[in-house]
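Read through the structure below, which is laid out as structure tokens, and then see the notes.
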Amino acid sequence: MGVVTDLALGILLVAALLVVVRLVRGPTTLDRAAAADVFVAVLLCGVAVLVARRGSTVFVPVLLALSLLGFASSVAVVRFLGREDPAREPREHPDETPSGGSGS
């Protein structure tokens with residue numbers, strides 16, 4: 001079991017290094033956000049391998065916290081990048097008021 005977990009940790013280390021390169025180089029904010037999300041996933045896998053190696057469930061709450069952090073950060077980035085400037089985007093119906101009312 002020790003050889004398998006060592007190999008898995010080595011592969012995860014290489015993956016983490018490649019993800020850090022993508023995180024630094026970009027080129028867009030969305031690329032960096034995706035790289036950060038993948039980095040959290042690689043970190044989760046690393047902690048899971050350590051849990052399997054030690055046979056202890058001490059780090060399971062850490063796994064839960066990291067997974068919640070990854071999910072919340074992904075949602076926050078998508079919401080931030082998904083906002084569109086309402087002044088630039090034309091409305092579907094020109095006679096519609098900005099508040100969504102009928103205009104009367």
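The values are calculated or read from the model by the stated rules, or taken from the named source; none is laboratory data. All of these numbers come straight from a predicted model, not from anything done at the bench. Reconstructed Cβ throughout: ideal geometry from the backbone, glycine too, with neighbour counts over all protein chains shown.
So here's what we get for this one:
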item: Hits in segment 1-12 (condition: in contact (Cβ under 8 Å) with a residue 24 or more places away in the chain and part of a helix (DSSP H, G or I)); result: Gly2, Thr5, Ala8, Leu9, Leu12
item: Residues of segment 52-72 that turn out to be among the polar types (S, T, N, Q), under 19 Å from Ala16 (Cα atoms) and over 14 Å from the mean Cα position of the chain (by Cα), as a count; result: 0
item: Meets criteria (over 18 Å from the mean Cα position of the chain (by Cα), among the polar types (S, T, N, Q) and modelled with pLDDT of 90 or more) for Thr5; result: yes
item: Flag for Phe59 being over 26 Å from Leu81 (Cα atoms) and aromatic (Phe, Trp, Tyr); result: yes
item: Unique residue being under 20 Å from Arg79 (Cα atoms) and of a type in the set (A, V, I, L, M, F, W, C) when the list is Ala34, Ala52, Ala16, Ala48; result: Ala34
item: Tally of residues being out of contact with any Ser or Thr (no Cβ under 9 Å at 6 or more places or on another chain) and either surrounded by 11 or more Cβ atoms within 10 Å (Cβ to Cβ) or under 17 Å from Asp37 (Cβ atoms) (or both) across segment 52-70; result: 12
item: Complete set of residues in segment 58-75 that are touching a helix residue (DSSP H, G or I) at 6+ places or on another chain (Cβ under 7 Å) and not in a helix (DSSP H, G or I); result: Phe59
item: Residue match in segment 74-91 (condition: at pLDDT below 90 and surrounded by 14 or more Cβ atoms within 10 Å (Cβ to Cβ)); result: yes
item: Options Val42, Val49: the member that is in a helix (DSSP H, G or I), β-branched (Val, Ile, Thr), within 12 Å of the chain's Cα centre (by Cα) and surrounded by 14 or more Cβ atoms within 10 Å (Cβ to Cβ); result: Val42
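Table: residues versus (1) closer than 20 Å to Leu69 by Cα; (2) of a type in the set (Asp, Glu); (3) in contact (Cβ under 8 Å) with a residue 40 or more places away in the chain.
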{"site": "Ala16", "(1), (2), (3)": "yes, no, no"}
{"site": "Val19", "(1), (2), (3)": "yes, no, no"}
{"site": "Thr28", "(1), (2), (3)": "no, no, no"}
{"site": "Val47", "(1), (2), (3)": "yes, no, no"}
{"site": "Ala52", "(1), (2), (3)": "no, no, yes"}
